[in-house]
Structures are given as structure tokens and as C-alpha cells.
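Have a look at the structure below before the remarks.
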Amino acid sequence: MYALAEISSAVRARRSDMGLTQARVANLSGLSRSTVNQLENGTIGDLSLTRAAQLLAVLGLAVRISPPRPTSRKRAGKTPALDLAARTASVSYRENIQANDLRQAFLTGTYPREFSPHVRTFLDEASVSLLADVIEQLHDETGVDRVQMWRRMREMARNMKTVRDIWL
């Protein structure tokens, strides 16, 4: 049951960092609030993989299975989250937003006005796991509190009137 304890801890931490209530996470994942509560408190008897995956996806988390035989084709280094975020935010636009512009936006809440559509698109459409990876990168680089950055993203999303459930 060690895996369930890890899931419990990860769900509690991410939900708290994102500023979401157990009821909101339950609603978004299609589970009951009592299931979310029991999981977070370690009192849940059993949680199916399907239900766990639903819950984790809402929070940008996932259960990953390591390959039994790692291949040499695996990339040595991952692309930084802010670089992926800039590409994601720019995919529908002629001009590309740069990773540094997104860094400034998420650290200060300000960004060049011409990139407002890019930031809105990113907040509205990027996977929650990419949002979380950006938060982690910024936290690692600057030490800024994760909760503070999630709040800033939520505030930006609300000011931009995004329609995404996690920002409501």
C-alpha cells in the first residue's frame, strides 16, 4: 500500500498548492468528496486505477510505469518546462512568446501586452501537468512559493476571463 500513501501525499500537496478544495477536486474528477478526503487522510480502503487516474489527471499528476528495460534512445535531458510552455502558448500565433516573457508573467503577473492572447491560451489550454512543471521549474530556479505562483496563475486566468474549470 506504499503506492497509495504516495498518491495520497501527492494529491494533498498539489490540491493545496493549486488552492482547490476537496469538493472542487471531487467535482472535477467525478469522484465524491468523501473519496478525496479518505484518500488524502489515508483511510481509503481501496481505489481503482481508473478512479485514481481520473483524480490525478485533474491535478496534473499521473501514475507512471518505468520501462522494464530502459532503451538507449531515451533523451539525455528534458526540454525545460518554460520552453515547452512558450511553444504551447505560441502555436496559434504568428509571433512567438519567449520563455523569459512567460517567466516574467508567472513571477510578476506582468507581460508584454502583445502577448496577452498567448498567456490566455496557455492558461486555458495547456495540460495541468505542464502548468505544474512550469511552477516546479520556477520554484527550483527562484525559490518562489508554489502556492503563490498557483494563485498568480489563477488571478491572471480570472482577469483574462478564461473558462477553464480549474481557474473558476
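The values are calculated or read from the model by the stated rules, or taken from the named source; none is laboratory data. Keep in mind that this is a model prediction, so the values were computed, not measured. Virtual Cβ from ideal backbone geometry, glycine too; neighbours counted across all protein chains shown.
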- request: Evaluate the following for residue 29: is it hydroxyl-bearing (Ser, Thr, Tyr) and surrounded by 15 or more Cβ atoms within 10 Å (Cβ to Cβ)?
  value: yes
statement: Counted residues in region 149-168 being under 14 Å from the mean Cα position of the chain (by Cα) and more than 20 Å from residue 92 (Cα to Cα) come to 9
task: Check whether at least one residue in region 134-147 is under 20 Å from residue 29 (Cβ atoms), surrounded by 12 or more Cβ atoms within 10 Å (Cβ to Cβ) and not hydrophobic (A, V, I, L, M, F, W, C), and report yes or no.
output: no
message: Quick test for you: out of 145, 140, pick the one residue that is more than 15 Å from residue 15 (Cα to Cα) and without any contact (Cβ under 8 Å) to a residue 24 or more places away in the chain.
response: 140
task: Test residue 89 against the criterion of being small (Gly, Ala, Ser), out of contact with any His (no Cβ under 6 Å at 6 or more places or on another chain) and surrounded by 12 or more Cβ atoms within 10 Å (Cβ to Cβ), and give yes or no.
output: no
query: Give me the pairs: first residue in region 1-15 and modelled with pLDDT under 90, second residue assigned to a helix (DSSP H, G or I) and surrounded by 14 or more Cβ atoms within 10 Å (Cβ to Cβ), beta-carbon distance under 8 Å, and six or more apart or on different chains, which are they?
result: 4/39
